[in-house]
Amino acid sequence: MAVSKKKMKVATSRHDIGMEAGGIALMLVALFCIASVFGFHTADEPYIVTLPWHELFSNGARAVAETIHNPFGLFGARVSRFFIRVLLGYPSVLPLFGFLLLGWRLFRRQPLESALFFLLYSLLIAIDLSAMFGLSTASFADVMAGATGRMMASFLATVIGQAGAWALTSVIGVALTFFMGRNFIVETIAGASAFAARVSATVQEYRAGRARRRRERDEEQARKKAERLAASLEKKRSRTPKKEKPVREARAPKAGPQPSPAVPEVAAQRPEPVAGPEPAPFSLTFPEPEPLIVPAEIEPADEPEPPVSREPDDGPEMIIRQGVQEREADLDERKLKVRTHDHVKYRFPSIDLLQRPKDEDESFDEQHLAETKDRLLEKLKIYKIDVVRIATTVGPRVALFELELAPEVKISRIKSLENDLAMAMAARGIRIIAPIPGKNAVGVEIPVNKPRPVLMRSVLSVEKFKNSTMKLPIVLGKSISNEVVVDDLTTMPHLLIAGATGAGKSVAINVLLTSLLYAKRPDEVKFVLIDPKRVELFQYQHLKNHFLAKFPGFDEQIVTDPEKAVMALKSVVREMEHRYSILEQCGVRNISDYNKKVSGDPLCYLVVVIDELADLMITAGREVEEPIIRLAQLARAVGIHLIVATQRPSVDIITGIIKANFPSRIA
């Protein structure tokens, strides 16, 4: 009998240890999944999709892991994508909390009935919430519904309609909350109230203790300060030199009382006479009276104050002007899910796809700016050019110094010093604006020592771009005063971009295309992309079903072959002629008037982008030049616009006729 009891105790202890270990493991897994879901980032998806599970320990996985935003790395990113994209979206954390509670009950070896009941309730309410978010068209509905929620929402909308699906999911959610989650919600509220009361009592106790400690510290500091003042006063008295008057022969005192030559304070300090032999009357010395100590001198003054040194006058004071503060706007606040004119669902790209600028991107080095100003004034002083006032505007790449010159200084003198000033500033190059239009000043543009990057998100997330009423709004960057420059491509009407290799032509084209993608729907603008270099515009091939124009007989959407480029340009010319015939039949002059008159089937704008025209001119020559000339001359009125990039706009590449029809140019 004793042996059987011992075996039962051992089995019970093993069972308890197993329950505790299982509870700990279940809580750890649930906490990891919850933290991974809350660490989900949309920028991780392109890397996770292209990296299979079996390559998690390869060299490619190490390179991908450096770009993952999820705090739990590749595995956490995969887990979060599984729960959010494949399962129920963010409501998936509700059953995960149920598993967390179940693990806690296992660890504490408590009854599991209430934990299992809450797990079932959280799972059902998560499914219902996912279906409700799947029926919604909000911008955040994708991450709140998941593929499962979308599938259930589509099934319900097909069977009982959109309104019926909303009514059914709402009734199910209310019923679940009332019949299953009522007791749990009441207990949770009571527990939260008790916890809040405990937290409030703890905070009040902490504040009282901190006030008591602060009061004691202040009293201790006051006591130490009084001791320091007393010690300093005693030290000053002991260091004060006492001068003695030279010994002088005293005449015999006359009869009667004589006034004492000493001040009352000194007389009070004389020693009292004692019994004994009387000192000789002619050997008395009288100390100099000590100066009266006024209350202001009680403060310690052990060290004499250093003399105030005045700096020599170093010219006019520089005024740093604040740049333009653009009003920020969230592009995701607008209606991202829309329908095109063909009643096709389309969603605008989220602003979260772009990199967020850092806080230090708006700062600049004031010390280096002051040193640059001193060198500039010193160099101008050598040439006897007096500056009355100087103001500075710091841009992302260049700092503009506005110099107001003395009345007798001629502008031509400072314009001839451009190279000398560049050498004195040790700059890559400077530019002198003499004078600045509309101002009584001369401008000197000097590159800053630490150029600040201008990120795409910082120029798109502004009110100017979000509320723009332009037909084809494109962002060109920031001005020297940090003002975002947004222009309308339809008013240019064509754009020529020129610069050497590596100067940023392809970056400029990507910025222009990104601006249009964030501003317009697929039925409002189409692109014809011609890329002889084959590597600059290939990432836009994923837009083939939305924004890219289709050509008969073409397999690829990005035109890279010179012969196919000629065919594509000729197809655009035929489209231009067809649109002119439509305008003629309708009796209007341009595409804007046509779209206003015929609101049912409007014409979309067509943007033709040629990344490197010089390569096409070398390989195709005259066959490329003719359609480009026709488009540059006539295509503006029918909504066809050209963006052409080339390395050098020489006469053999950009002829006079083409250049005359490209009034807008970027170098």
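Structure notes:
- Complete set of residues in region 555-582 that are among the basic types (K, R) and either open to solvent by 80 Å² or more (accessible area, probe 1.4 Å) or in contact with a Ser or Thr (Cβ under 7 Å, 6 or more places away or on another chain) (or both): K570, R574
- Region 26-49 - residue that is at pLDDT 85 or above and open to solvent by 50 Å² or more (accessible area, probe 1.4 Å) and, of those, farthest from Y90 (Cα to Cα): L28
- Residue within region 116-138 that is under 22 Å from S80 (Cβ atoms), among the aromatic types (F, W, Y), at pLDDT 85 or above and buried (at least 17 other Cβ atoms within 10 Å of the Cβ) present: yes
- Residues of region 583-607 that are more than 15 Å from T490 (Cβ to Cβ) and surrounded by 15 or more Cβ atoms within 10 Å (Cβ to Cβ): L583, V588.
- Only one of the listed residues (R150, R109, R85) is within 18 Å of T42 (Cβ to Cβ), touching a residue at least 40 places away in the same chain (Cβ under 8 Å) and either open to solvent by 60 Å² or more (accessible area, probe 1.4 Å) or polar (S, T, N, Q) (or both). That residue is R85.
- Meets criteria (free of Cβ contacts under 8 Å to residues at least 40 places away in the same chain, part of a helix (DSSP H, G or I) and touching a Ser or Thr at 6+ places or on another chain (Cβ under 6 Å)) for P91: no
- Scanning region 384-395 for residues that are open to solvent by 10 Å² or more (accessible area, probe 1.4 Å) and in a loop (DSSP other than H, G, I, E, B) yields K384, D386.
- Residues within region 544-566 that are closer than 22 Å to S350 by Cβ and touching a residue at least 24 places away in the same chain (Cβ under 8 Å), tallied: 2
- Which listed residue, of T169, T188, is closer than 30 Å to P91 by Cβ, modelled with pLDDT under 85 and open to solvent by less than 90 Å² (accessible area, probe 1.4 Å): T188
- The set of residues from region 396-405 being closer than 18 Å to P437 by Cα and either open to solvent by 50 Å² or more (accessible area, probe 1.4 Å) or in a loop (DSSP other than H, G, I, E, B) (or both) comprises just one member, E404.
- Options N449, N467, N419; residue that is at negative phi and either without any contact (Cβ under 8 Å) to a residue 24 or more places away in the chain or of a type in the set (V, I, T) (or both): N419
- Scan of region 549-572 for residues that are touching a helix residue (DSSP H, G or I) at 6+ places or on another chain (Cβ under 7 Å) and of a type in the set (A, V, I, L, M, F, W, C), ordered by number: F551, F554, I558, V559, A565, V566, L569, V572
- Within region 576-607, tally of residues that are small (G, A, S), modelled with pLDDT of 90 or more and under 44 Å from the mean Cα position of the chain (by Cα): 1
- Members of region 538-554 found to be assigned to a loop (DSSP other than H, G, I, E, B) and surrounded by fewer than 19 Cβ atoms within 10 Å (Cβ to Cβ), listed by number: K544, N545, H546, K550, F551, P552, G553, F554
- If the condition is being part of a helix (DSSP H, G or I) and of a type in the set (S, T, N, Q), then region 94-119 contributes only S114.
- Strands (runs of 3 or more DSSP E) fully within region 424-537 that include at least 2 residues being among the aliphatic types (A, V, I, L, M) and either open to solvent by 40 Å² or more (accessible area, probe 1.4 Å) or under 30 Å from R375 (Cα atoms) (or both): 431-433, 442-447.
- Scanning region 608-628 for residues that are open to solvent by less than 40 Å² (accessible area, probe 1.4 Å), touching a residue at least 24 places away in the same chain (Cβ under 8 Å) and over 45 Å from the mean Cα position of the chain (by Cα) yields a single hit, A620.
- Restricting region 616-641 to residues that are outside any helix (DSSP H, G or I) and at pLDDT 90 or above leaves a set whose member that is farthest from R579 (Cα to Cα) is H641.
The values are calculated or read from the model by the stated rules, or taken from the named source; none is laboratory data. These figures come from a predicted structure and were not determined experimentally. For neighbour counting, all protein chains shown are included, and Cβ atoms are generated from backbone atoms with ideal geometry for every residue, glycine included. Please note that ligands, DNA and RNA were not included when accessible areas were found on the heavy atoms of the full protein model with its side chains. Shrake-Rupley method; radii C 1.70, N 1.55, O 1.52, S 1.80 Å.
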